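A short write-up of the structure that comes next.
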Amino acid sequence: TATMKSLRFISAEAFVSNAEFARKSLGSVAHNLFPLLFKASYLLEQGEVIHDLVENWPFVDFNMGKLLGTTVDYQEDLSHRTCSVCLESCLTGLRDYVLNHPSPYVKRLKVVDLTGIKDVEVQFCECKKTMGRWARTQLLSKLCVELLVYLQQRPCNPGIFEISIDVLIDLFVTERNYELVVQALLKKCYCPLKICCVALRSDSLALQKFFYITKLIDPSLLRKLEIVHNVRLEMEHLEMLFNSIHFPLLMSLTLPARTFNVRRFTATDERMLTNIGEKMGKMTQLTELSMSFSILTGRIQKLLSPLKTPLKMLDVSNCSLNHADMAYLANSFHANHLEALDLSGHNIPDLYPSTFFKLLSHSSSVLRSLTLEDCNIQDTHVNMLILSLSPCQKLQEFRFLGNPLSSQALKHLFTFLCELPMLKNVEFPVPRDCYPIGITYPVDDACLCRYDHQKYESVAEELNLILLQANREDVKASTPLFGSYDAAVQETNNELGAYLMKSFKETLEKFTTSLNKMS
């Protein structure tokens, strides 16, 4: 089984379980056993042992994803355990690797890769305290700044300044940790630990600060850029960003809501959109694009046709696409490569059923994730949906929350879903017959929870029974009313809420000022 342990791993667990003995004995342990001992220590949450292993790391590279992933001695992947004790021990061990060796000449470490850590909803570590992406950004920046202060204030072995370790990390920057991250990046050339940003997520941040941090991180290394929620980026700012900064390795781009709004387009805006499309066309690695909640009616071709590399992931949810947009997507070279597609918020059955069918038939050989939330899919459309999904034999995730489907229609659909061999996750709506008669769709937030909970539980049991009788216990079916789990939002929800309140207050003040001027 996946959790079987070799005798070597069991021995490693026994060794590290006595932290005091393990720490004293590390000096006599063969170097090739360090990776084994690291994973065993991580599993048992032996923070002190983890610290000492990293502090004395004998190899050129330290790759968290590989060390915690599936190994011959223990196949379970531990990279989704963002245990606070373990991760803090890793990072402080790294700092002490720089400081605590009398002879820097035996130091071989050149690259530390922290990008393999995965943030998930359910944590299995015993301490139950996680260190998410924002907290990892905060701690690494803090350690880099403190390390420089320490080296400036105390006499050190001059060899320490010859140490240069690239620390690859996915940074998450908000207003709250911005100043600290900027300090660490500004002094990067003087610090033995050099932050190398591979992915950047920016949220709740003033536009000027976002531009500054993007220039500081060395954009030539950036593979993923997420600009979300409270970064007020509009089309002219995006054009400025692409004109001033080059992203040669960028593979994934997420833009905030309302970046584009074609309803108020001028001739200048049209030229701007063309320029943005051309700039994206020069990003030859770009395969993932998310532009949700922008208004892009009739402009998808202008934006996507310059791309030289086919997209593997496309999120155009709530983008007010028309028939011409869907026809372009269905016939474009992107269609045959789409592994993840989100078309939520579009009235697919009424506006473009045949074009949607064509799009899915083209992407069916590779499609792994499909999201069709709030798409007005009703009972009369279920057979069409089944027909569209039938070729998608590699589908792993299907999300269709917010559609007005009855419990009977859901049972019919679930009977079909059992036949998709790779399916692992289904997010289905509260059945329409669980809501009061006369409910309108999309259901607003105030009414979302006003349904017959007992009836829903009964229907959910029946749906799970359909899966069980088809021997599909491997499929997880759920109804997350307020959307799927987002680790980044969960970690910073207090700051996000405060920023939204501040924005709301500013808008009210502007409105009041305008009213006063009018009167």
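So here's what we get for this one:
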quantity	calculated
Share of carbon and sulfur in the accessible heavy-atom surface of the range 7-131 [1.4 Å probe, %]	54 percent
Per-residue SASA entry for HIS80, accessible area with 1.4 Å probe, Å² rounded to 10	40 Å²
Isotropically averaged projected area of the chain, using the convex hull of Cα atoms (one quarter of hull area), nm²	29.4 nm²
Loop sites in the range 362-420: GluC sites (Glu not before Pro), DSSP, at most 13 other Cβ within 10 Å	GLU419
Efficiency of FRET from Cβ geometry, LEU33 and LYS110, R₀ 22 Å, rounded to 0.05	0.55
Angle between the chain longest axis and helix 267-281 axis [Cα atoms, degrees, rounded to 10]	50 degrees
Low-density loop cleavage sites - trypsin sites (Lys or Arg not before Pro) in the range 292-346, where at most 13 other Cβ are within 10 Å (DSSP)	LYS308
Cα-centred dipole magnitude for the range 55-130, charges only on beta-carbon of K, R (+1) and D, E (-1), debye, nearest 20	280 debye
Counted charge near ALA340, where neighbours are those whose Cβ lies closer than 13 Å (Asp, Glu -1; Lys, Arg +1)	-1
Kirkwood hydrodynamic radius (C-alpha pairs) into Stokes-Einstein, the range 32-75, 10 °C and 1.306 mPa s, D in µm²/s	149 µm²/s
Contact order normalised by residue count of the range 7-131, Cα under 8 Å, 6+ apart, percent	30 percent
Dipole axis of the chain (+1 Lys, Arg; -1 Asp, Glu on Cβ), positive-most option in LEU289, THR71, SER320	LEU289
For the range 256-280 and the range 19-75, distance of Cα centres in Å	51 Å
Cβ-based charge dipole, the chain, positive-most Cα from LEU171, SER365, SER220	SER220
Probe 1.4 Å, protein heavy atoms only - accessible area per residue of the chain in square angstrom	47 Å²
Selection from LEU448, ASN230, ASN464, by position along the positive dipole direction of the chain (Cβ)	ASN230
Two-decimal ratio, the range 7-131, of alpha-carbon radius of gyration to 2.2 N^0.38 Å	1.00
Angle in degrees between helix 407-417 and the longest Cα principal axis of the chain, rounded to the nearest 10	60 degrees
Angstrom value of the Kirkwood radius, inverse mean 1/r, which spans all Cα pairs in the range 133-199	12.3 Å
Helix axis angle, 353-363 relative to the chain longest principal axis, alpha carbon, degrees	30 degrees
Total charge dipole magnitude, the chain, about the Cα centre, Cβ charges on Lys, Arg, Asp, Glu only, Debye to nearest 20	1360 debye
Whole-angstrom gap from the range 463-486 to the range 177-255, using each part's C-alpha centre	37 Å
With 5 Å bins from 0: P(r) over the range 272-356, alpha-carbon pairs, percent	3, 16, 25, 31, 18, 6, 2, 0
Counted charge near SER406, where neighbours are those whose Cβ lies closer than 10 Å (Asp, Glu -1; Lys, Arg +1)	0
Average Cα contact separation per residue, the chain, under 8 Å, 6 or more apart, as relative contact order %	8 percent
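The values are calculated or read from the model by the stated rules, or taken from the named source; none is laboratory data. Computed from a predicted model, the values in this text were never measured in an experiment. Counting neighbours? That spans all protein chains shown, and the Cβs are built from the backbone with ideal geometry, glycine included. These accessible areas exclude ligands, DNA and RNA; they are computed on the full protein's heavy atoms, side chains included. Shrake-Rupley method; radii C 1.70, N 1.55, O 1.52, S 1.80 Å.
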